[in-house]
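Pasting a structure here, questions to come.
The values are calculated or read from the model by the stated rules, or taken from the named source; none is laboratory data. Just so we're clear, the structure is a prediction, and the values are computed from it rather than from any experiment. Here the Cβ positions follow ideal geometry from the backbone for every residue, glycine too, while neighbour counts run over all protein chains shown. We work out accessible area using only protein heavy atoms, side chains counted, and drop any ligands, DNA or RNA first. Shrake-Rupley method; radii C 1.70, N 1.55, O 1.52, S 1.80 Å.
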Amino acid sequence: MAKREVDIVVLSDVHLGTYGCRAKELLQYLKSIKPKAVVLNGDIIDIWQFSKRYWPSTHMMVIKHLIGLIAKEVPVYYIPGNHDELLRRFKGLQLGSLKITNKLSMKLNGEKVWIFHGDVFDVVMQHSKWLAKLGAVGYDTLIIINSLVNFCSEKMGRGKVSLSKKIKNTVKSAVKFVNKFEATVCDIAVDNQFNYVVCGHIHHPEIRTVETEKGNVVYMNSGDWIENLTALEYHENAWSIYRYADDAVAQAIDIDKKKIKESPKELMASLLTELNMKRKPVIEDGGLKNIEAA
């Protein structure tokens with residue numbers, strides 16, 4: 001199967017290691033494309049809720065696929081979020097084409113793009129981390145309940161529903177938080193003369209132009225791989241939201257769960273062997289030059 005070429009893919013809020021993660025669908029998507037660069041924009045592995053008792057083969061296969069991209073020298077930037085913030089202590093680490101950084105600044109087609117996860121603007125994260133972690137557990141539990149509700153709903157011919165979306169859309173404080181988050185991000189982006197700002201964190205995929213008192217900026221959010229199953233793609237000088245639900249090609253890809261036999265320890269050994277522990281400079285390929293990691 002010929003893979004669809006994409007210049008840049010931005011993924012966030014995958015939450016590998018949790019019951020709500022849709023790793024199989026993500027793997028199908030990754031196998032359907034040929035990216036020139038990949039940005040993992042936070043909450044890829046959910047370290048907050050990680051458990052040795054729950055790590056399905058499809059979750060391991062996603063990691064394996066990303067390792068394969070790194071082995072092929074595809075630039076992969078890992079920007080830790082709040083759920084994988086432990087990796088922030090490794091800021092600046094580079095193994096082959098993999099680099100861990102807190103944010104990215106790049107120039108594409110003459111325009112400046114700023115990419116970061118977004119939890120830095122979350123007041124709950126900054127002042128009540130225990131409450132944020134409790135909320136994460138509650139959200140994961142809600143997703144499990146939602147799966148059971150959808151199973152019954154589909155059997156009755158009523159289709160799927162999203163309990164978390166209904167809650168977010170009806171609770172005024174949640175709507176207010178999202179609006180304030182987006183406004184804050186855009187104000188700072190304009191102050192720093194960025195044309196585009198890319199975030200994750202709030203699980204709400206979107207591309208829209210935001211007007212501020214000092215100017216306009218295009219706000220983009222990559223969504224998540226729990227409910228929305230979305231990503232951001234940059235190709236032929238344009239950004240777009242990828243939606244798995246609309247991709248019949250990816251959905252048709254067969255995933256053989258028996259292929260993966262490596263334990264996490266063996267997988268890490270495989271990673272180091274493939275990379276050969278060489279610290280190579282990040283590849284500059286065509287329109288992917290002028291990328292600054294900080």
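Between residue 256 and residue 214, what is the FRET efficiency for a Förster distance of 41 Å, r being their Cβ-Cβ separation, to the nearest 0.05?
Details: r = 52 Å, r/R0 = 1.28.
Efficiency, from the Cβ-Cβ distance: 0.20.
Over 28 Å between Cα atoms, which of 24/107; 34/214; 3/91; 112/180; 36/64 qualify?
Numbers: 24/107 33 Å; 34/214 38 Å; 3/91 32 Å; 112/180 23 Å; 36/64 18 Å.
Listed pairs above 28 Å: 24/107; 34/214; 3/91.
Using per-residue counts of other Cβ atoms within 10 Å, averaged over each peptide, order 8-16, 20-28 from highest down. Walk me through the numbers on the way to the answer.
Details: 8-16: 26.9, 20-28: 20.9.
Final packing ranking: 8-16, 20-28.
Right, something else. Please report the carbon-and-sulfur percent of the accessible area for segment 1-64; probe 1.4 Å, protein heavy atoms only, DNA, RNA and ligands left out.
Answer for segment 1-64: carbon and sulfur cover 52 percent of the accessible area.
Let me ask you something else. When only C-alpha pairs under 8 Å and at least 6 residues apart count, what is the relative contact order of segment 183-222, in percent? List each step's numbers first, then the result.
Details: 66 pairs, mean separation 17.9, N = 40.
Relative contact order comes out at 45 percent.
Continuing with the same structure: Separation between the residue 266 and residue 193 pseudo-spin-labels, each 7 Å from Cα along Cα→Cβ, expressed in nm?
Once both label points are built, they end up 5.4 nm from each other.
Then there's this: If each residue of separation counts as 0.36 nm, what is the full-extension length gain between residue 3 and residue 246 once their alpha-carbon separation is subtracted? Before the final figure, lay out the partial values.
Details: separation 243, 0.36 × 243 = 87.48 nm, distance 1.64 nm.
Stretched fully, the residue 3-residue 246 segment lengthens by 85.8 nm.
What residues have an amide H closer than 5 Å to that of residue 242, excluding those fewer than 5 places away on the same chain, when H is modeled at 1.01 Å from N in the peptide plane?
When sequence neighbours closer than 5 places are left aside, the close amide H contacts are 231, 232, 233.
For segment 33-96, what's the relative contact order in percent, using C-alpha pairs closer than 8 Å and at least 6 residues apart?
Working: 57 pairs, mean separation 34.2, N = 64.
It rounds to 53 percent for segment 33-96.
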